[in-house]
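Accompanying notes for the structure given below.
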Amino acid sequence: MLSRLAPSARAAWITGAAATIALAAAQPVTFHLDLYGADNRPITVTSLTVITAGRTVVAVGGLVAWARRPDSATGPLLVVWTLVSLSAGLGLHASGALLVWSYLSGVISRVVYAYALLTYPDGRPETVGERRYLRAVAAIPLLWLGYAAVTPSAGIDAVTCRRAGCPANPLLLHESATASRAFWAAQFVAALTGAVWLLVLLFRRYRRMSTSRRRASAPVLWAAAAPVVVFMTGVLLDTWKAPTGWLYWADHLTIYTVPLAMIVGLLASRLARADVAALLVRLRSAPVDDLRPGLAQLLGDSDVQIAIPLSTGDDARFVDPAGRPVTVPAAPGLARTDIGGGVLLLHHPTTRTEDPALFDAAVAAARLTLDNVRLAAQVRAQLAEVDASRERLVRAGDEERRRLERDLHDGAQQRLIGLGMALRSARDAVEDTSPAAALLDDATDQLRQSLTELRDLARGLRPALLAERGLATAVQTLLLTVPVRVTLTGDLPDRPDPATETAAFFVVAEALQNITRHAPDAHATVTLHAAAGRLTVTVTDDGPGGADPRRGTGLRGIADRVAAAGGHLDVTSVPGQGTTISADLPMHRHDPVTAP
């Protein structure tokens with residue numbers, strides 16, 4: 001718990017804790033049950049125990065606040081208040097100085113109490129009015145010293161010795177009944193005015209609080225108002241000489257509730273910090289648009305905004321996570337905090353000072369969320385570029401295949417056909433018995449075979465029938481050329497995009513080629529099915545199975561082609577159970593990529 005304290009502060013904390021324990025333990029010894037309470041009845045052991053325990057509770061609350069918020073003076077002030085209160089009863093029957101101190105310490109403890117309230121939880125007053133108040137109440141002990149200097153029995157009004165002949169007042173300079181009454185009246189007016197003024201300041205502070213600060217500080221302020229009201233009541237009743245015995249206990253009971261309220265406030269602040277983790281969990285599955293409302297609720301600041309820079313310089317432009325323009329500064333009086341990468345968090349200045357630990361945790365959550373969104377966007381952009389690049393490569397390859405097909409059809413194939421016609425003309429001009437006839441017949445057969453192979457090559461690049469008649473007709477024609485038993489099922493009510501048609505055709509062609517090579521006796525089924533804007537191409541066989549796309553380039557190349565068309569290829573091939581190759585493709589692409 002003391003890890004947040006600097007070495008010197010840690011030593012002061014330990015000293016304060018030790019002094020509190022020592023003074024609390026010394027109370028029964030030093031009092032000797034020699035004092036009377038405010039109702040002029042002896043203070044019992046039970047009463048003394050209750051008073052000592054209550055003051056110790058205040059010290060515990062102060063020590064906790066000191067360790068948790070080392071930058072705040074609230075914790076040390078509560079510890080000082082406890083030490084002053086506990087030292088009030090040391091040896092009263094034996095020393096006039098201690099008797100005077102017992103009364104003066106009551107006045108000083110009230111001043112320290114006011115300081116602790118008006119500096120909670122930040123350790124400093126917030127307004128000019130609060131600073132003026134604290135300077136004013138600091139002068140109240142001087143009024144009592146003036147009263148003690150002209151009053152021989154100063155202190156006897158509050159604490160009465162049981163034995164006759166209390167120690168003399170060591171501060172007495174000149175006895176004056178007139179001056180004594182004047183100083184007493186001045187103390188009365190100052191005490192009453194100070195109490196009313198403090199209530200007004202506490203109410204104004206509550207009105208200024210944001211939601212998060214009320215969560216941590218409001219219990220303390222409401223609990224602090226109770227002893228102030230009791231004190232005012234006591235001052236008035238004492239002036240009217242009314243019985244005030246019950247106020248003695250009311251004063252103690254109400255003033256001891258303040259540290260308990262501080263602990264409640266600290267617990268509320270810790271629960272708010274736990275909300276940071278809940279916010280992170282919620283944002284994992286929620287859109288980034290929920291970040292600003294989540295931060296506003298967590299910090300209790302409805303004006304919180306997130307400004308993401310689109311440009312830098314004097315004319316910098318900002319947008320929120322949803323892409324809406326944001327003006328920086330968004331409103332007068334808003335502070336800005338850089339949460340990384342030039343992203344700004346706009347908020348009220350008090351949002352940061354009310355609970356720095358909570359604010360830092362919220363900023364870290366916002367930074368982590370935005371970093372994740374930025375990284376996810378970058379990954380999506382990179383994947384989109386990879387997909388687009390792959391599609392451009394496939395389309396460029398298809399364009400090159402079509403060019404080669406045209407070149408073969410319009411060039412080499414036409415020349416070979418012309419050569420064949422010339423060979424037939426030459427054969428017709430030669431007698432059957434001529435030796436040249438056999439040579440011309442052989443040349444014609446070889447030319448016919450070469451022309452067939454050339455046509456097969458052109459058809460393998462991209463069958464002309466696929467572009468002219470569509471996928472179903474091209475697959476039906478392909479099935480007539482394979483030496484295995486194949487059944488075609490399904491129908492296509494609409495033609496898909498060219499890229500999808502090409503990918504689907506080569507899925508069927510590659511699968512049938514693998515069946516011909518590895519399972520020539522198998523029976524295959526080709527299924528073409530279109531539904532909900534998707535085309536499913538499935539080729540199954542009852543062969544030996546065991547196909548592995550990682551061992552060959554054919555299926556890998558088909559998988560790349562299918563992916564480039566926006567689809568996905570699945571291969572299921574269990575040894576002894578046949579093979580199923582299935583491609584799921586979009587019928588129509590809505591994000592065409594233009595080839596460079």
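The values are calculated or read from the model by the stated rules, or taken from the named source; none is laboratory data. Computed from a predicted model, the values in this text were never measured in an experiment. Cβ atoms come from the backbone with ideal geometry, glycine included; neighbour counts cover every protein chain shown. Quick note on the areas: whole protein, heavy atoms, side chains included, nothing else; ligands and nucleic acids left out. Shrake-Rupley method; radii C 1.70, N 1.55, O 1.52, S 1.80 Å.
Of all the residues in the range 101-143, those that are open to solvent by 10 Å² or more (accessible area, probe 1.4 Å) and more than 45 Å from the chain's Cα centre (by Cα) number 12. Does Leu370 fit the bill of being assigned to a helix (DSSP H, G or I), at pLDDT 70 or above and either within 30 Å of Ala65 (Cβ to Cβ) or open to solvent by 30 Å² or more (accessible area, probe 1.4 Å) (or both)? No: the conditions fail for Leu370. Residues of the range 566-580 that are free of Cβ contacts under 8 Å to residues at least 24 places away in the same chain and under 15 Å from Arg556 (Cβ atoms): His568, Asp570. Arg517 fulfils the conditions (1) under 50 Å from the mean Cα position of the chain (by Cα); (2) loosely packed, with under 14 Cβ neighbours inside 10 Å except for a single criterion, (1). Residue pairs whose Cβ atoms lie under 6 Å apart, separated by 6 or more positions or on different chains, with the first residue in the range 420-431 and under 14 Å from Gln446 (Cβ atoms) and open to solvent by 90 Å² or more (accessible area, probe 1.4 Å) and the second part of a helix (DSSP H, G or I) and of a type outside the set (Val, Ile, Thr), do not occur. On the stretch given as the range 54-67, residues that are over 12 Å from Gly16 (Cα atoms) and either without any contact (Cβ under 8 Å) to a residue 24 or more places away in the chain or surrounded by 20 or more Cβ atoms within 10 Å (Cβ to Cβ) (or both) total 4. Looking only at residues of the range 523-542 that are open to solvent by 10 Å² or more (accessible area, probe 1.4 Å) and in contact with a Pro (Cβ under 9 Å, 6 or more places away or on another chain), we find that the one that is modelled with the lowest pLDDT is Gly533.
Residues being open to solvent by 40 Å² or more (accessible area, probe 1.4 Å) and either within 22 Å of Trp66 (Cβ to Cβ) or modelled with pLDDT of 85 or more (or both): count how many of those fall in the range 144-160. First the steps, then the outcome.
From the range 144-160, those open to solvent by 40 Å² or more (accessible area, probe 1.4 Å) are 145, 152-153, 156-158, 160; that's our starting set.
If we keep only those that are either within 22 Å of Trp66 (Cβ to Cβ) or modelled with pLDDT of 85 or more (or both) too, we end up with 145.
Matching residues across the range 144-160 total 1.
Inspect all residues belonging to the range 481-488 and state whether any of them is open to solvent by less than 30 Å² (accessible area, probe 1.4 Å) and touching a residue at least 60 places away in the same chain (Cβ under 8 Å). No, because not a single residue in the range 481-488 is open to solvent by less than 30 Å² (accessible area, probe 1.4 Å) and touching a residue at least 60 places away in the same chain (Cβ under 8 Å). Checking each residue of the range 200-209 against the condition of being modelled with pLDDT under 85 and either part of a loop (DSSP other than H, G, I, E, B) or more than 25 Å from Val112 (Cα to Cα) (or both) gives at least one match.
With the condition being in contact with a helix residue (DSSP H, G or I) (Cβ under 7 Å, 6 or more places away or on another chain) and at pLDDT below 70, I'd like the helices (runs of 4 or more DSSP H) fully within the range 7-87 carrying at least 3 qualifying residues.
Answer list for the range 7-87: 7-31.
For every residue, the table says whether it meets (1) surrounded by 15 or more Cβ atoms within 10 Å (Cβ to Cβ); (2) modelled with pLDDT under 60; (3) closer than 16 Å to Ala361 by Cα.
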{"residue": "Ala272", "(1), (2), (3)": "yes, yes, yes"}
{"residue": "Val288", "(1), (2), (3)": "yes, no, no"}
{"residue": "Leu291", "(1), (2), (3)": "yes, no, yes"}
{"residue": "Gln297", "(1), (2), (3)": "yes, no, yes"}
{"residue": "Gly300", "(1), (2), (3)": "yes, no, yes"}
{"residue": "Gln305", "(1), (2), (3)": "yes, no, no"}
{"residue": "Ala316", "(1), (2), (3)": "no, no, no"}
{"residue": "Pro321", "(1), (2), (3)": "yes, no, no"}
{"residue": "Thr327", "(1), (2), (3)": "no, no, no"}
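Scanning the range 489-512 for residues that are under 13 Å from His529 (Cα atoms), open to solvent by less than 40 Å² (accessible area, probe 1.4 Å) and of a type in the set (Asp, Glu) yields one hit, Glu501.
Give the range 331-362 a look and list any residue that's among the hydrophobic types (A, V, I, L, M, F, W, C), open to solvent by less than 10 Å² (accessible area, probe 1.4 Å) and at pLDDT 75 or above, or say none.
Looking only at the range 331-362, we keep the residues that are among the hydrophobic types (A, V, I, L, M, F, W, C), and these are 331, 334-335, 339, 343-346, 357-359, 361-362.
When the remaining residues are screened for being open to solvent by less than 10 Å² (accessible area, probe 1.4 Å), the result is 339, 343, 345-346, 358-359, 362.
Hits for the range 331-362 are Ile339, Val343, Leu345, Leu346, Phe359, Ala362.
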